[in-house]
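Q: For reference, the structure I am asking about is given below.
The values are calculated or read from the model by the stated rules, or taken from the named source; none is laboratory data. Treat the numbers as computed from the prediction; the structure is a model and nothing was measured. Glycine gets a Cβ as well: all are built from the backbone with ideal geometry, and neighbour counts include every protein chain shown. Note: accessible area is taken over every heavy atom of the protein model, side chains too, but ligands, DNA and RNA are not part of it. Shrake-Rupley method; radii C 1.70, N 1.55, O 1.52, S 1.80 Å.
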Amino acid sequence: QVQLVESGGGLVQAGGSLRLSCAASGSIFSITAMGWYRQAPGKERELVAVISSRGSTYYPDPVKGRFTISRDNAKNTLYLQMNSLKPEDTAMYYCAASLKPITVATIQDPYGMDYWGKGTLVTVSS
């Protein structure tokens, strides 16, 4: 069993920055990859960033160059640094963990993740 708790969301002006955190507990030794997903009202949940157990990262084009995913193994914490925020980044952001081997293709599907946090809301004003 894995528990995930997000924090760090809030209201920020366009062009500003936020850092989201995800504290993991439980059977974290079983995790093969962790990622951030987001969901805006009326939209499908989409991948934001992912990091594998060995440290490889992947970002889709809409956030590439602006967002950075990282982890602190000593603190069992996942981070998402978001810079140059745009109004279209407004969404509920979720931390997720996988117990299965992943590929760039399979990680696009949020339903393939095994554990989820409750989410933290990010609102970017114009």
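Q: Roll a 1.4 Å probe over the protein heavy atoms and report the accessible area of W116 in Å², nearest 10.
A: Probe radius 1.4 Å; accessible area of W116 about 80 Å².
Q: Further, regarding this structure: Sequence gap at least 6, Cα distance under 8 Å: using those rules, report the relative contact order of the chain to the nearest whole percent. Numbers along the way, then the final one.
A: Working: 302 pairs, mean separation 46.0, N = 126.
Result for the chain is 37 percent.
Q: Accessible area, 1.4 Å probe, largest first: how do R54, R19 sort? All intermediate terms of the calculation are to be shown ahead of the outcome.
A: Details: R54 200, R19 135 Å².
Correct descending sequence by accessible area is R54, R19.
Q: In the range 58-107, which trypsin sites (Lys or Arg not before Pro) fall in coil by DSSP and have 10 or fewer other Cβ atoms within 10 Å?
A: Here the trypsin sites (Lys or Arg not before Pro) that fit, given the DSSP loop and packing criteria, are K64.
Q: How many percent of the accessible area of the chain is carbon or sulfur, using a 1.4 Å probe?
A: Details: 3470 of 6610 Å².
On the chain, the fraction of accessible area on carbon and sulfur atoms equals 53 percent.
Q: What is the Cα centroid distance between the range 74-120 and the range 6-51, reported in whole angstrom?
A: Result: 4 Å between the Cα centres.
Q: Just the Cα atoms of the chain: what Rg and Dmax do they give in Å?
A: 13.5, 41
Q: Could I ask something else about it? Leaving out ligands and nucleic acids, note down the accessible area per residue over the chain with a 1.4 angstrom probe, in whole Å². If you can, show how the numbers build up before the last one.
A: Details: 6610 Å² over 126 residues.
Value for the chain: 52 Å² per residue.
Q: At 7 Å along the Cα-to-beta-carbon direction for both N76 and S56, put a label point, then send me their distance in nm to one decimal.
A: The answer from the label model is 2.7 nm.
Q: Counting only DSSP beta bridges with both residues in the chain, tell me the antiparallel percent, nearest 5. Show your work: numbers first, answer last.
A: Values: 38 of 42 bridges.
Percent antiparallel among DSSP bridges in the chain is about 90.
Q: Once fully extended, how much extra length lies between Q13 and K118, figured as 0.36 nm per residue of separation less the alpha-carbon to alpha-carbon distance? Present the calculation step by step, with values, prior to reporting the outcome.
A: Details: separation 105, 0.36 × 105 = 37.80 nm, distance 2.39 nm.
Using 0.36 nm per residue and subtracting the Cα-Cα distance, I get 35.4 nm.
Q: So what does L20 come to for accessible area, using a 1.4 Å probe and Å² rounded to 10?
A: Accessible surface of L20 is approximately 0 Å².
Q: Could you work out the equivalent-ellipsoid semi-axes for the range 65-126, taking the square root of 5 times each eigenvalue of the Cα gyration tensor, largest first, in whole Å?
A: Numbers: eigenvalues 101, 46, 31 Å².
Ellipsoid half-lengths, sorted descending, are 23, 15, 13 Å.
Q: Roll a 1.4 Å probe over the protein heavy atoms and report the accessible area of S7 in Å², nearest 10.
A: Here the residue's solvent-accessible area equals roughly 60 Å².
Q: Give, in whole angstrom and from largest to smallest, the semi-axes √(5λ) of the equivalent ellipsoid of the range 19-90, with λ running over the eigenvalues of the Cα gyration tensor.
A: Numbers: eigenvalues 102, 35, 27 Å².
Result for the range 19-90: semi-axes of 23, 13, 12 Å.
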